[in-house]
Amino acid sequence: MTEVTDVIVVGGGLAGLVAATEIADAGKRVIVVDQEGEQSLGGQAFWSFGGLFLVDSPEQRRLGIKDSYDLALQDWMGTAGFDRDDDHWPKRWAKAYVGFAAGEKRDWLRAMGHRIFPVVGWAERGGYDAMGHGNSVPRFHVTWGTGPGIVEPFERRAREAQKNGQLTFRFRHRVDTLVITNGAVEGVSGSVLEPDSVERGKSSSRKVIGDFTLRAQAVIVASGGIGGNHDMVRQNWPKRLGEPPKFMISGVPEHVDGRMIGITEAAGARLINRDRMWHYVEGIRNWNPIWPRHGIRILPGPSSMWFDATGKRLPAPLFPGSDTLGQLHYIMSTGYDYSWFILTQSIIKKEFALSGSEQNPDLTGKSWRMTIKRATNKGAPAPVEAFKKNGADFIVRDNLADLVSAMNALSGDNLLQHDHIMTQIEARDREMSNPYVKDAQVMNIHNARRYIGDKLIRTAKPHRILDPAYGPLIAVKLNILTRKTLGGFETDLDSRVFGTGGEIIRGLYAAGEAAGFGGGGMHGYRSLEGTFLGGCLFSGRNAGRAAAKAAS
Ligand SMILES: Cc1cc2nc3c(=O)[nH]c(=O)nc-3n(C[C@H](O)[C@H](O)[C@H](O)COP(=O)(O)OP(=O)(O)OC[C@H]3O[C@@H](n4cnc5c(N)ncnc54)[C@H](O)[C@@H]3O)c2cc1C
């Protein structure tokens, strides 16, 4: 017999959980369908760093940061670079989202028990003019408890609704088709996958043991993006970024497979901005992988020197942490799909953070004792030291000649010349004697240290890279790491999906990464960071509330 409910949510990631809990709160029945097992509830958000974009928060104010809706909107628009007719709804979502981040987002989360680490991070710092890309001020608020800390309130609410019989989970149920009657979406059907107790994040069995059909008045697609599917990433790779990279690593589990995007498109939904994606350029191969091709992103502070594969320093303002898309564009123009950081032990100790809940046991475990060690320890945080010791992309040497020859051996390309690298590092090092200099990266380091948060835990004291007192020297080979999908299904502000003819498809909603985090791409070309989890919260909430209202 076909099971009938009020609303079906496809995907038990953050966007799906938020939508489902809003539906249950509105007194409606909801079924959450996910292809993975119960152990993977929360999707990508569980693995995330839990960074949230907030504007004019008490945490910012306590650190002396003056922020406002107007400044954040200026930054967002300069970053997004909206330039298409298709950007009509994405732009409306962007404005609404910045309003949410400057308004009720923090209080709404706080009322559910969510807490924030007090030092606000400064991601995507830009370096162009005031109307260009980047955050004018620090806005990256890390969840106390990282990814699991952002999933927890919604999982808790979902479990309560489950107890009351309002919410049902259907794990290991993979949606293969949307059921459509007279142009309205009325349900989903698909395959029941065999039970699999594989650990969270690992690839699970795809063996089919049955089928299912569910019916409802509305279906919300919250199935995530395409980052785990490198074929799809390459197919959607924009011409403006050159040829797709030959070698990439995965910043997301394999279930971020993009399959449901094709299924929803086949049902007539309009997918826009599919060529806009957010992949990182500071990816390192995980020495202790969980999912296939598992890579970790370095969240770098501003001091490492950045060289392309041929040994040329990246041009200003492409410094660590400034402009991810600009860096990707530059790197792809070199004809190689990797680049290098060269730094010192003093820099790695203070400036390397690794994105991912499992890479930050202190913050994830909510341990003040361990977290304080970040500032007081002799070495870098233990997970960073473990990468330094075991990571395939790390080289540690006492002198530059040995470092460069090991870099050549690692890449196998033999493109680096010791004298060329040494000349550039020595020139930069001569700029360290004065706090007022012409090297834009060094100016940037001095600027960063005027912000107390950076000075305390994110920016090393300025020093000469070739001064052995700060050594040993470290080189890191940086790979391209797939992560986020910025385009998605075009939706109105109620998350209702448009069809290819420009009409709303009755009964169909989209949220989270599948909706380009709202509207089909509220980020435009670039992100200010911390905007993806926030985008799941906002679009999931809108979708859940609207679908519950529509279900009579
Ligand atoms: C390591 C890491 C660090 C990150 N750090 C941050 C950060 O600090 N700040 C930030 O803002 N963002 C961060 N992100 C990004 C953010 O976590 C994701 O963009 C977001 O969680 C996506 O949520 P979602 O609900 O849209 O999709 P997902 O989490 O991908 O969930 C989708 C769910 O749908 C299911 N599904 C897919 N297809 C089907 C189908 N056909 N049938 C049934 N089920 C299906 C999947 O199994 C999955 O459970 C990070 C991500 C990672 C991986």
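Rounded if a/c is under 1.5, else prolate if a/b beats b/c, else oblate: with a ≥ b ≥ c from the C-alpha gyration tensor eigenvalues square-rooted, which is region 68-144? Spell out each step's value before the answer.
Values: a/c = 2.72, a/b = 1.41, b/c = 1.92.
Oblate.
With just the Cα atoms defining each centre, how far is region 384-416 from region 441-472? Give it in Å.
One Cα centre to the other: 22 Å.
Would you compute, for the Cα atoms of the chain, the largest minus smallest coordinate along each principal axis and list the three values in descending order, in whole Å?
74, 47, 47 Å, listed from the longest principal axis down.
How compact and how long is region 229-344, expressed as Rg and Dmax of its alpha-carbon atoms in Å?
15.8, 54
What order do you get for S136, S304, S527 when you list them from fewest to most C-beta neighbours inside 10 Å?
Details: S136 19, S304 28, S527 24.
Going from least to most buried by this count: S136, S527, S304.
Which order do the peptides 258-271, 435-448 take when ranked by the mean count of other beta-carbon atoms within 10 Å per residue, highest first?
258-271, 435-448
Find which of G126, P383, Q417 sits farthest along the positive direction of the dipole of the chain, computed with +1 on the beta-carbon of Lys and Arg, -1 on that of Asp and Glu, about the Cα centre.
P383
Which translational diffusion coefficient, to the nearest whole µm²/s, is obtained for region 305-376 from the Stokes-Einstein equation, given a Kirkwood hydrodynamic radius over C-alpha pairs, 10 °C and 1.306 mPa s?
Details: Rh = 14.3 Å.
Reported coefficient: 111 µm²/s.
At 222 nm, what helix-only mean residue ellipticity would the chain give, in deg cm²/dmol to the nearest 500, using -39500 (n - 2.57) for each DSSP H run of four or more? Kindly include the intermediate steps, with their values, before the conclusion.
Values: 19 runs with 186 residues, N = 552.
Calculated from helices alone, the mean residue ellipticity at 222 nm is -10000 deg cm²/dmol.
Counting Lys and Arg as +1 and Asp and Glu as -1, each charge on the Cβ, what is the dipole of region 42-172 about the Cα centre in debye, to the nearest 20? Don't skip to the end; give the middle numbers.
Numbers: 19 positive and 16 negative charges, 146 e Å.
Approximately 700 debye in magnitude.
What is the spin-label model distance, in nm, from E3 to K549 if the labels are put 7 Å beyond Cα along the C-beta direction?
Taking the simple label geometry, E3 and K549 are separated by 2.8 nm.
Below 8 Å, C-alpha to C-alpha, sequence gap of six or more: please give me the relative contact order for the chain in percent. Present the calculation step by step, with values, prior to reporting the outcome.
On the way: 1311 pairs, mean separation 130.3, N = 552.
Result for the chain is 24 percent.
Give the residue from I209, V192, V233 lying farthest towards the positive end of the charge dipole for region 184-239; charges sit on Cβ (+1 for Lys and Arg, -1 for Asp and Glu) and the dipole is referred to the Cα centre.
V233
Going highest first, how would you order 3-12, 325-334, 72-81 by mean Cβ packing within 10 Å?
Details: 3-12: 24.8, 325-334: 18.8, 72-81: 20.8.
Averaged packing, sorted descending, gives the order 3-12, 72-81, 325-334.
Based on the mean of other Cβ atoms within 10 Å per residue, sort peptides 305-312, 344-351 so the most packed one is first.
Working: 305-312: 19.6, 344-351: 23.0.
Highest mean packing first, the order is 344-351, 305-312.
List the GluC sites (Glu not before Pro) within region 147-256 that DSSP assigns to loop and that have no more than 14 neighbouring Cβ atoms inside 10 Å. Write down the numbers at each step before the final one.
Details: sites: E155, E160, E186, E199, E254; in loops: E199, E254.
Answer by residue number: E199.
With labels modelled as points extended 7 Å from the Cα through the Cβ direction, what inter-label distance (nm, one decimal) is found for R110 paired with S411?
Once both label points are built, they end up 4.8 nm from each other.
Please compute the modelled spin-label separation between R156 and W368, points set 7 Å along Cα→Cβ, answer in nm with one decimal.
It is 2.0 nm.
Using unit Cβ charges (K, R positive; D, E negative) and no other charged atoms, how large, in debye to the nearest 20, is the dipole of the chain about its Cα centre? Could the numbers behind the result be given before it?
Values: 68 positive and 60 negative charges, 253 e Å.
For this selection, approximately 1220 debye.
How many angstrom lie between the Cα centre of region 1-72 and the Cα centre of region 172-238?
Value for the Cα centre distance between the two parts: 19 Å.
Treating each Cα of region 370-462 as an identical point scatterer and ignoring solvent, apply the Debye formula and state log10 I(q)/I(0) at q = 0.16 Å⁻¹.
One equal scatterer on each Cα of region 370-462 leads to -0.96.
Taking the dipole about the Cα centre of region 467-552, with the C-beta of Lys and Arg at +1 and of Asp and Glu at -1, give me whichever of I505, A551, T491 is farthest to the positive side.
A551
Scan around L478 for amide H atoms under 5 Å from its own, H built in the peptide plane at 1.01 Å from N, and keep only partners 5 or more places away or cross-chain.
Long-range HN contacts for L478: S339, W340, F341.
Determine, from the Cβ-Cβ distance of N399 and I452 and an R0 of 25 Å, the FRET efficiency 1/(1 + (r/R0)^6), rounded to the nearest 0.05.
Values: r = 35 Å, r/R0 = 1.41.
The pair N399/I452 has a calculated efficiency of 0.10.
Within the chain, what percent of beta bridges assigned by DSSP are antiparallel, to the nearest 5? Can you show the working numbers first?
Details: 53 of 76 bridges.
Looking only at bridges with both residues in the chain, the antiparallel portion is about 70 percent.
Alpha carbon centre of region 102-156 versus region 538-552: separation in Å?
Centre-to-centre (Cα) distance: 24 Å.
Read-outs throughout are calculated quantities, based only on the coordinates presented, and are distinct from any laboratory measurement. Quick caveat, the model's predicted, so the values are computed rather than measured. When we count neighbours, we look across all protein chains shown, and the Cβ atoms used for this are built from the backbone with ideal geometry, even at glycine.
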